Amino acid sequence: MPKIKEEYDVVIIGSGLGGLLCGYVLAQEGKSVCILEKNAQIGGNLQTFKRDKVKFDSGVHYIGGLDKGQALYPFFKYFNLFENVEKELLDKDGYDVISFENDDILYPHGQGYENFVQQLLKHFPKEEEGLRKYCDEIKRICEKFEWYNLHIDYTETDEMSAFSLSAKEVIADCTSDQKLQKVLAGSNLLYAGEGDSSPFYIHALIIDSYIGSAYKLKHSDQISKQLRKDIKKMGGEIFINTEVTKIENTAKQVQYVVLSDGQTIKGKQFISNMHPTQTFKLLNTEGLRKVNVNRMLQLENTVSSFILYIKLKPDTFKFSNSNRYHFIEDDVWNTQKNGPENKLKALAIFNSRPSKDTEYSHTLTAMAYMNYEEVRKWENSFNTTLSESERSGEYVKFKREKAEELIAALSTVYPGFTDCIESYYTATPLTQRDYIGAIEGGLYGIKKDFNAPVKSFISANTKLDNLFLTGQNVILHGVLGVTISAMVTCQFILGKKYMLDKLKAYV
């Protein structure tokens with residue numbers, strides 16, 4: 001392993017997808033790049049782990065917009081990922097399936113706009129006009145985003161006008177059928193959807209990418225491994241188990257970062273892939289505008305989750321080439337508010353098989369919302385593979401009870417499911433906090449709110465001349481969102497037209 005030098009052109013804090021993509025772009029431009037990762041594994045939400053000889057994806061399960069002519073395609077070509085990431089196309093007639101307690105119908109989200117409409121018309125035959133209006137609204141909003149549409153040459157953009165539209169209200173304006181409204185919003189666990197705050201543009205960008213094409217990844221760490229390989233080939237350096245504990249700066253610019261062992265690293269430019277709040281906690285904020293600092297320190301975050309990773313007994317659970325979003329309660333826009341009893345209201349279900357020619361699944365992952373308050377009493381403990389510690393027996397009991405609650409819910413979705421389980425593992429908001437660096441384990445970073453869009457808008461460009469932000473808190477979360485965020489970060493260093501021209505060559 002190379003020794004960390006005293007100075008680089010670009011120092012990147014954090015090796016989540018945003019940090020890796022920025023490192024790739026800048027290393028390719030001939031800059032000396034250093035990526036510093038506090039954990040033992042790179043990749044942030046792309047991380048995987050092994051239990052009982054089975055590999056699990058911690059966060060990213062499927063990606064969209066990957067076919068030629070779609071949003072993610074030129075980025076994956078540019079980053080040398082397209083041919084190097086093994087993937088499988090999800091069911092064209094139902095990449096996602098929405099289901100409800102006490103309703104036997106499975107409502108599909110199909111790939112391709114015409115197919116999307118036709119699949120739902122089978123269940124809502126009177127709603128063709130509403131379905132087509134919904135699809136048109138998604139397309140209209142997506143066209144406002146320049147980096148999302150590299151095939152279009154923009155003279156000006158109008159993204160801000162999309163930020164104040166409510167997802168719940170736009171969907172309700174398209175159709176008065178309340179069941180269809182719920183089905184159209186049924187995958188809102190992808191962005192922690194809330195009726196009183198979630199903006200339509202987030203819904204639109206995510207759904208449009210999946211309607212275009214939806215792929216299940218063989219494993220999410222393929223992306224981070226390929227990027228690491230290419231970054232190193234271009235002369236970039238990545239250091240794991242290397243935590244930045246301080247960013248030393250004047251009122252104008254960052255001078256160097258300090259590591260946990262006291263070593264300092266200088267840079268001409270710095271990019272933080274950390275949460276903006278955590279970034280600002282490391283800064284010397286004297287001399288910075290108080291109003292800006294306070295805003296960064298007080299950002300509201302999305303809800304966290306409880307995740308169940310299940311190893312299935314061989315040949316017991318038939319593989320489904322779809323993802324499932326199941327609602328125990330009917331109000332799809334109110335599933336985060338669990339009430340004092342912390343009642344389970346919805347869950348997302350992803351299954352995987354060891355190879356494409358296998359009929360049965362070998363793993364199943366189930367995710368449900370969990371508020372940080374449920375684990376706050378244990379928040380002073382910290383646990384990763386690098387820094388292991390035992391949390392209390394009470395915490396173990398808490399996790400077991402939550403797991404049993406999810407398994408009971410899964411058994412109503414799949415009768416007899418309990419008999420398919422060989423073993424299981426859990427992740428709580430504390431797991432997300434310790435491994436991903438998410439504040440209070442927030443699923444998707446900063447909460448976006450259509451009522452106050454400017455309040456939650458984070459620019460990649462900070463008030464310090466040479467400090468930039470990247471990752472899921474800039475623009476949008478998810479593989480597509482973070483990829484676009486990384487491009488926006490790099491445009492402040494290399495120039496927007498230069499970056500756009502490079503990417504447009506791959507359209």
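Could you tell me whether residue 344 is under 29 Å from residue 48 (Cα atoms), part of a loop (DSSP other than H, G, I, E, B) and outside the structural domain of residue 452 (by TED's automatic domain parsing)?
Values: under 29 Å from residue 48 (Cα atoms): yes; part of a loop (DSSP other than H, G, I, E, B): yes; outside the structural domain of residue 452 (by TED's automatic domain parsing): yes.
Yes, satisfied.
For the subset of the range 379-401 comprising residues that are touching a Ser or Thr at 6+ places or on another chain (Cβ under 7 Å) and surrounded by 12 or more Cβ atoms within 10 Å (Cβ to Cβ), which member is modelled with the highest pLDDT?
Start the filter on the range 379-401 by keeping residues that are touching a Ser or Thr at 6+ places or on another chain (Cβ under 7 Å), which leaves 381-383, 389, 391, 399.
Right, trim to surrounded by 12 or more Cβ atoms within 10 Å (Cβ to Cβ) and you get 381-383, 391, 399.
Details: 381: 74, 382: 67, 383: 62, 391: 67, 399: 96.
Selected residue: 399.
Take the residues of the range 425-448 that are in contact with a strand residue (DSSP E or B) (Cβ under 7 Å, 6 or more places away or on another chain) and part of a loop (DSSP other than H, G, I, E, B): which is farthest from residue 396 (Cα to Cα)? So that I can check it myself, show each step before the final result.
Initial filter on the range 425-448 (in contact with a strand residue (DSSP E or B) (Cβ under 7 Å, 6 or more places away or on another chain)): 425-429, 432, 439-443, 445-448.
If we keep only those that are part of a loop (DSSP other than H, G, I, E, B) too, we end up with 428, 442-443, 445, 447-448.
Working: 428: 11, 442: 21, 443: 22, 445: 26, 447: 29, 448: 33 Å.
For the range 425-448, the residue satisfying everything is 448.
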Qualifying residue in the range 118-138 (condition: within 22 Å of the chain's Cα centre (by Cα) and modelled with pLDDT under 95): no
Any strands (runs of 3 or more DSSP E) falling wholly within the range 212-326 and containing at least 2 residues that are over 22 Å from the mean Cα position of the chain (by Cα): 237-239, 244-249, 254-259, 264-272, 304-312
Residue that is farthest from residue 481 (Cα to Cα) [pool: residues in the range 435-463 that are surrounded by 21 or more Cβ atoms within 10 Å (Cβ to Cβ) and without any contact (Cβ under 8 Å) to a residue 60 or more places away in the chain]: 462
Failed item in (1) touching a Gly at 6+ places or on another chain (Cβ under 6 Å); (2) more than 26 Å from residue 501 (Cβ to Cβ), with residue 191 passing the rest: (1)
Scan of the range 345-368 for residues that are within 22 Å of the chain's Cα centre (by Cα) and at pLDDT below 95, ordered by number: none
Residues satisfying the stated conditions in the range 110-129, i.e. part of a helix (DSSP H, G or I) and out of contact with any Leu (no Cβ under 8 Å at 6 or more places or on another chain): 113, 114, 115, 118, 119, 129
Test set (1) touching a His at 6+ places or on another chain (Cβ under 8 Å); (2) buried (at least 21 other Cβ atoms within 10 Å of the Cβ) - residue 472 fails condition number: (1)
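The values are calculated or read from the model by the stated rules, or taken from the named source; none is laboratory data. Predicted, not measured: the structure shown is a model, and the values here were computed from it. Note that we place each Cβ from the backbone using ideal geometry, even for glycine, and neighbour counts take in every protein chain shown.
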